[in-house]
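These notes concern the structure reproduced below.
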């Protein structure tokens with residue numbers, strides 16, 4: 001009996017969908033990837049990928065390109081709204097550590113992944129195809145899409161939903177149910193182009209978090225020469241986009257050093273979005289799986305959202321490889337569901353929540369009140385503690401090959417026995 005997978009369908013051509021398409025293609029499995037957009041989404045979103053994501057990017061054969069096109073971060077810290085240093089680490093990213101953080105704006109990552117996906121003739125991308133529904137049975141999944149007023153269907157052995165926080169696939173499975181909560185705050189993600197070394201002349205680090213009830217934010221360098229910084233700051237949740245734009249210059253003047261005015265920088269991108277913590281009740285339903293924001297969302301403080309989504313893909317591709325090679329039954333997808341939701345609640349949700357709440361503290365009292373900042377301060381004094389801190393950040397991977405449940409058949413027809 002053949003276990004080979006004939007085709008996998010993917011809904012959503014963001015970074016997670018493009019990445020899983022590459023990895024599945026590398027297994028020799030044909031892919032149909034559909035997306036409602038006209039092309040790669042160029043909105044400013046994440047830019048940093050932790051060790052758990054870095055390993056998956058290496059597995060896809062794209063890590064060297066990401067490092068060549070991105071930048072290396074060496075310092076990070078927390079500051080008061082006055083700019084005063086609270087705590088942080090310098091020269092903290094060891095270049096000899098191959099799984100160290102990678103930095104590349106997600107729109108550039110998506111374009112890089114899309115160009116790499118084109119190398120695989122069995123991978124087909126269908127833009128402007130809006131997912132409208134699905135059916136499945138014991139053998140396959142059929143999805144329906146709408147393209148320029150016409151219905152087009154795709155049939156595959158499995159479906160992977162990577163269509164974001166408003167996932168149509170998730171809604172087809174669970175309706176409006178998406179357990180969790182929405183924060184009373186929203187965040188405005190901007191890309192700010194400044195004069196090269198403007199930030200450095202004030203002694204400001206590659207990435208910093210500002211702790212203040214009103215001006216809390218995260219600021220990270222995402223491009224060099226000329227310098228582009230991702231400035232993501234908090235705002236009350238009830239403000240509309242017109243009101244947010246009117247407040248933007250004042251926010252940036254308060255957050256960035258030297259009281260810069262609009263003529264001192266170029267505002268390249270402006271993208272407000274709600275802050276939420278949510279996880280689907282299941283990440284596997286029959287032959288349909290969820291990954292990335294389609295499965296779970298969190299606030300962006302600490303970079304756990306996209307790193308978690310990419311880690312999902314690493315685990316899911318392990319499952320598909322096992323099924324395709326006859327080394328795992330379809331039941332492994334239930335293990336995927338259990339393990340990835342556990343990672344969401346114990347790591348992604350817990351740590352991103354702590355990271356966000358930390359920023360709401362009064363800056364003068366933050367070090368005294370927050371155990372996480374105290375740990376950073378100790379790491380700054382003690383290299384052993386610093387190493388342990390960074391090792392602890394590598395906490396989102398799950399090697400699903402441990403759940404392969406079909407023993408390989410040897411040439412003599414016997415089952416291999418593992419000690």
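The figures follow:
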item	result
When residues of segment 117-142 are limited to those that are buried (at least 19 other Cβ atoms within 10 Å of the Cβ) and in contact with a helix residue (DSSP H, G or I) (Cβ under 8 Å, 6 or more places away or on another chain), the one nearest to residue 7 (Cα to Cα)	123
Test set (1) in contact with a strand residue (DSSP E or B) (Cβ under 6 Å, 6 or more places away or on another chain); (2) at pLDDT below 95; (3) closer than 23 Å to residue 101 by Cβ - residue 273 fails condition number	(1)
Which listed residue is crowded, with 20+ Cβ neighbours inside 10 Å and within 17 Å of residue 86 (Cα to Cα), from 309, 363	363
Scope segment 279-293; condition touching a strand residue (DSSP E or B) at 6+ places or on another chain (Cβ under 7 Å) and either surrounded by 23 or more Cβ atoms within 10 Å (Cβ to Cβ) or not in a strand (DSSP E or B) (or both); matching residues	280, 283, 286, 287, 288, 289, 290, 291
Residue in segment 197-210 that is surrounded by 13 or more Cβ atoms within 10 Å (Cβ to Cβ) and at pLDDT 95 or above present	yes
Positions within segment 294-320 being assigned to a helix (DSSP H, G or I) and within 14 Å of residue 160 (Cα to Cα), in sequence order	294, 309, 310, 312, 313, 314, 315, 316, 317, 318, 319, 320
Which listed residue, of 218, 228, is out of contact with any helix residue (DSSP H, G or I) (no Cβ under 7 Å at 6 or more places or on another chain), surrounded by 12 or more Cβ atoms within 10 Å (Cβ to Cβ) and farther than 20 Å from residue 82 by Cβ	228
Lone unmet requirement of (1) assigned to a loop (DSSP other than H, G, I, E, B); (2) crowded, with 19+ Cβ neighbours inside 10 Å; (3) touching a helix residue (DSSP H, G or I) at 6+ places or on another chain (Cβ under 7 Å) for residue 192	(1)
Test: residue in segment 380-391 that is more than 24 Å from residue 49 (Cβ to Cβ), in a helix (DSSP H, G or I) and at pLDDT 95 or above	no
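The values are calculated or read from the model by the stated rules, or taken from the named source; none is laboratory data. Every value quoted in this text rests on a predicted model; they were computed, and no experiment measured them. So basically every Cβ, Gly included, is an ideal-geometry build from the backbone, and we count neighbours across all protein chains shown.
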